[in-house]
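*Asks:* Mind looking over this structure? Questions follow.
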Amino acid sequence: MDNISLSVSINGSRNRSTFTDCLSFNFIKERYTPYSVFSGSFLINETFGEIVDVEVTVNNTLIHKGVVDVCKKTISSKGMVLYISSRGYSLSLGHCMLANEIKYGLTLTQLITQSYAPPYVTYSDTGKTVNYLYIKEHASLWEAVVNHSLKLGNFYPYISYPNKISCSMPVSKKNILLDNADTIISYSENTDNTKIISHIHMRDLDGTYNSYNLKNSYAINRKIIRHKHINYDRQWTSDSSNGLQYKINYFMRGSKSFEVVYRGFNGEDINDAFSIQTNLIVMPSKNISAVNIFGNNKGIFTKLTAYVDNYNNI
């Protein structure tokens, strides 16, 4: 049977309180966002102080651990209702601004521990080093992690449950087959051209415009013309072509996608895989790019999205 539990830590107490009488909830995480987001309302039968930590488990999978954004305790005809919204601790990766400098010969561990290691954020490190990382002014730790991962293996990193930095595909992954038409609520195939650019132009070190240029044939073939000009990017001094391509790739994120909504939740995460096989829908296996779990008195539902872009399902 599907189930959800909310576990909270109270400021000044070593004990946690757990609530399972959920009125409604919504959880979402996706490939290019370095944190998960949860909100939900629960019936409670106790009073307590300030909540300082949130954990959410769905069908025995810990999907979220994070800080409190909003907390409300309301007395209504239904009883005492706790509403809470939270973002994962990996949110700090995007909020920790680094000093403007060049770092040499760093492993992922060195990059994080020499910066501002956020609480409850984990990662696995291959021990490989990059020659250098140029930290732009106002750049975040997450931007540095992204560039580190791209330099090592052309791989855009993502966050695994609940706050783990993943810089490669999972060693072992779930393969979810949806073959019961009664559990599938909807299926769609989507195109989103709102973010893509057609040309990118970069100055050189002397400030001369259009010294480096790259076209996006995907956009041009669709008669989408959007030019973007940028200053010289010292991050890719030795590889300017790849540097421009990475920027085009990011603007292409989620340009095509497949989505399915089904009843229940099977514990799948980003870069696990799902396929569909019914009388009406046949979709071969694709890696998951976004997970949206939601529910109310009608049950728990999951929306899985598979992007088809330059980093997903190529």
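The values are calculated or read from the model by the stated rules, or taken from the named source; none is laboratory data. What you are looking at is a predicted structure, and each value in this text was computed from that prediction instead of being measured. Keep in mind that these areas ignore ligands, DNA and RNA; they rest on the heavy atoms of the full protein, side chains included. Shrake-Rupley method; radii C 1.70, N 1.55, O 1.52, S 1.80 Å.
*Asks:* Using alpha carbons only, how many degrees (0 to 90, rounded to 10) separate the axis of helix 240-251 from the longest principal axis of the chain?
*Replies:* The angle comes out at about 30 degrees.
*Asks:* Which value, in Å², gives the accessible area per residue of the stretch 98-166 when a 1.4 Å probe is used on the protein heavy atoms?
*Replies:* Values: 3280 Å² over 69 residues.
Each residue of the stretch 98-166 exposes 47 Å² on average to a 1.4 Å probe.
*Asks:* Let me ask something else. To the nearest 10 degrees, how steep is helix 141-153 against the longest Cα principal axis of the chain, on a 0 to 90 scale?
*Replies:* Value to nearest ten degrees: 60.
*Asks:* Per the 1.4 Å probe, what fraction of the accessible area of the chain, in percent, lies on carbon and sulfur atoms? Don't jump to the answer; show the numbers that get you there.
*Replies:* Values: 7480 of 15650 Å².
Carbon with sulfur: 48 percent of the solvent-accessible area.
*Asks:* Given a 1.4 angstrom probe, what's the average accessible area per residue across the stretch 247-314, in square angstrom?
*Replies:* Working: 2580 Å² over 68 residues.
Value returned for the stretch 247-314: 38 Å² of accessible area per residue.
*Asks:* For each pair in Lys29/Lys286; Lys195/Lys215; Lys65/Lys256; Lys173/Lys247, compute the distance between the two Cα atoms and list the pairs where it is over 26 Å. The partial results should precede the final answer.
*Replies:* On the way: Lys29/Lys286 17 Å; Lys195/Lys215 15 Å; Lys65/Lys256 30 Å; Lys173/Lys247 28 Å.
In this structure, Lys65/Lys256; Lys173/Lys247 lie more than 26 Å apart at Cα.
*Asks:* Given just the C-alpha atoms of the chain, how large is their convex hull per residue in cubic angstrom? List each step's numbers first, then the result.
*Replies:* Values: hull volume 50.5 nm³, N = 314.
With only Cα atoms used, the chain gives 161 Å³ per residue.
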